[in-house]
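Scroll down for the structure; my scribbles are underneath it.
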Amino acid sequence: MTSHIDLAYSNAGAADAVYSKIAKRIIPFLILLFVVAWLDRVNVGFARLQMVTDLRFSEAVYGFGAGIFYAGYLLFEIPSNLFLERIGARKTIARITILWGITSIATMFVKTALSFYILRFLLGAFEAGLYPGVILYLTYWFPTTRRAHMMGVFMTAIPVAGILGGPLSGWIMATAGGVGQLANWQWLFLLEGIPSIVMGILTLLVVVDEPGEARWLTERERQLVVTDLETDRRQSGSRKYGFTEALRIPQVWLLTVIYFCLVSANPTFGFWGPTIINGLGVKNNMMIGLLSAVPYIVSGIGIVWVGRHSDLTLERRYHCALSCLAAAAGLILIGVFENFPFLAFAALIIGVTGVLSAFAPFWQMPTTLLAGTAAAGGIALINSIGNLSGWLAPFAVGWFRDLTGKTSTGLYVVAGLEVVAATLILVLVPPASKAYRWKS
């Protein structure tokens, strides 16, 4: 007779196999989607190396235009995620991806600051919903105890984008100038926008909205996942299901403030990373692209390790807060060691790894409070308002660079925001436990 222990091990093994099958099916495609999204979002950092001179933009104009992307996020992210819950991820993600690809390509025709602002705003508006949509989508497939790891694996999309995008963008900037009477930065927007349109079309063919519709799962596997998710919902206790309820929860607004501070370093590194490397004495665009990939290679390891360890321990606060402090340290040390290129580059690696490692544990906090429509809208609310720092931080770096001639001053400001994020987490977010959830 099979013992209860043997049965438990058998069930655990079956669940591991099923979730591994699901992860292999959906995570690589989601990573690829976010890779092309991230490339189209931050390739303006490489374009800046020539675009600012060609169009006679000030550093403040560039920083404002690079960051206004997030204003589009603010206005359209919540409707997009609520719409995803209604019509499903497949149609929503396809619409998002195709439209941002078209907009990215259109940026090659920018002539004035106003047209730059408009297209960057539209890029944010069209991409709005992808990142929080994926966060919501993962809750349809994975229970709480597996979600941070999956989120961490998904977040390797940013390092992958940096690893592939840095050398690719550097190569385009180094070789494409003058071809077909187009500037190198124009070719950059064109060649990196086309894959997004292709991915949008593939989304309609590949993405499945929920486990019950997955033909590549057996009936037994589908039932295991559905039962597992339902058990997870019951064990999570009382959570808010309505969007208006989510707006009345103080912790949601606390998480929004924390995320505003946390996320600031991410676009700062994305938009200003090539300039930081250039400031260390590297002048060749191809070499800048290759060196830009290095921090993302290292950060890929950190992201997966932090997400997995956070799941194993069911601890979120210290994993997130310490990652924020690492990001702050990196930002500060870039300025401190600006006359020591090797040390400053090491600091860049630390900063990128720190901020990217913070995301997976952070995004487990809202889902302990919210479910259903509240999760869709609440996650989008936190992400959209929080991402406003993605507009303000790059602008601040550009503004201080115009004033002082140095990038480091703005980096210190962003480092301060990372310290605030870590402090708020450690002081105001309740300690973790094996049954981690907030008492709302």
Among (1) at pLDDT below 80; (2) surrounded by fewer than 16 Cβ atoms within 10 Å (Cβ to Cβ); (3) within 21 Å of the chain's Cα centre (by Cα), the one test that residue 416 misses: (1)
Top-ranked residue of region 121-142 - restricted to ones that are aromatic (Phe, Trp, Tyr) and open to solvent by 10 Å² or more (accessible area, probe 1.4 Å), ranked as modelled with the lowest pLDDT: 131
Qualifying position, being part of a helix (DSSP H, G or I), open to solvent by 20 Å² or more (accessible area, probe 1.4 Å), modelled with pLDDT of 80 or more and not charged (D, E, K, R), among 9, 117, 62, 19: 117
Residue 159 vs. criteria in a helix (DSSP H, G or I), within 20 Å of residue 104 (Cα to Cα) and touching a residue at least 12 places away in the same chain (Cβ under 8 Å): no
Failed condition for residue 110, given (1) at pLDDT 90 or above; (2) open to solvent by 10 Å² or more (accessible area, probe 1.4 Å): (2)
Long-range neighbours under 6 Å by Cβ, at least six apart or interchain, first residue in contact (Cβ under 8 Å) with a residue 24 or more places away in the chain within region 332-345, second in a loop (DSSP other than H, G, I, E, B): 341/280; 341/281; 344/280; 344/337; 344/338
Exclusive hit being loosely packed, with under 15 Cβ neighbours inside 10 Å and either free of Cβ contacts under 8 Å to residues at least 40 places away in the same chain or within 26 Å of residue 142 (Cα to Cα) (or both), set 191, 204: 204
Residue identified as assigned to a helix (DSSP H, G or I), of a type in the set (A, V, I, L, M) and in contact with a Phe, Trp or Tyr (Cβ under 6 Å, 6 or more places away or on another chain) among 333, 348, 343: 343
Scope region 214-234; condition in a helix (DSSP H, G or I) and free of Cβ contacts under 8 Å to residues at least 60 places away in the same chain; matching residues: 219, 220, 222, 223, 226, 227, 230, 234
Residue tally, condition of a type in the set (Phe, Trp, Tyr) and open to solvent by 30 Å² or more (accessible area, probe 1.4 Å), over region 247-269: 2
Filtered residues of region 300-342 (kept if surrounded by 20 or more Cβ atoms within 10 Å (Cβ to Cβ) and among the polar types (S, T, N, Q)): 310, 323
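The values are calculated or read from the model by the stated rules, or taken from the named source; none is laboratory data. Small disclaimer: the values here were computed from a predicted structure and weren't measured. We place every Cβ from the backbone using ideal geometry, glycine too, and count neighbours over all the protein chains shown. Side chains included, ligands, DNA and RNA excluded: accessible areas come from the protein's heavy atoms. Shrake-Rupley method; radii C 1.70, N 1.55, O 1.52, S 1.80 Å.
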